[in-house]
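Structure, as structure tokens:
The values are calculated or read from the model by the stated rules, or taken from the named source; none is laboratory data. Since the model is a prediction, treat every value here as computed from it, not as a measurement. Cβ sites come from the backbone with ideal geometry, for glycine too, and all protein chains shown count toward neighbours.
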Amino acid sequence: MKEYERKGLLERVDREGATIGSRIPEEITVQGEPVPLREFVFEIKRRETIPPGERERVERAKRNLRRERLARYERLEEADISREEGEALVESIVGIDRALEALTQLRPRSIEAEIEAQTMADRKRWMSFLKQALGSGDDTTTGRGR
């Protein structure tokens, strides 16, 4: 590949809005392992927030994608590759960027929301305990003894 072709491909990757209209790749190989990237991103995006149990999985996926993107970018920048290989690298890098963009837009469930949910659950348990301990709502203590 000629140097001006390489620069053109690099410019396409670095262009503002390069991900507009691009698709998340169906599958991508990250560190020698095939990853069903589109399925993973859509599975996570179906939820409004990232549940606490999934947070580490999403963060690990983002780190691995960033690492893979960098490796592909450096290969595009420095390796002796053909124009066709360069085009394929550009498509994969832009696809990775699209996936990263989608994963980054997700909101983790906030600590405040977690605390609020825990507080509400604690209140419910406490009220249930009090009702049971005091016999409230029981027909055994109401209306008798007259």
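Some notes on this structure:
- For the condition touching a strand residue (DSSP E or B) at 6+ places or on another chain (Cβ under 6 Å) and at pLDDT 90 or above, E85 does not qualify.
- Only one of E3, E43, E11, E27 that is free of Cβ contacts under 8 Å to residues at least 12 places away in the same chain and in contact with a strand residue (DSSP E or B) (Cβ under 8 Å, 6 or more places away or on another chain): E27
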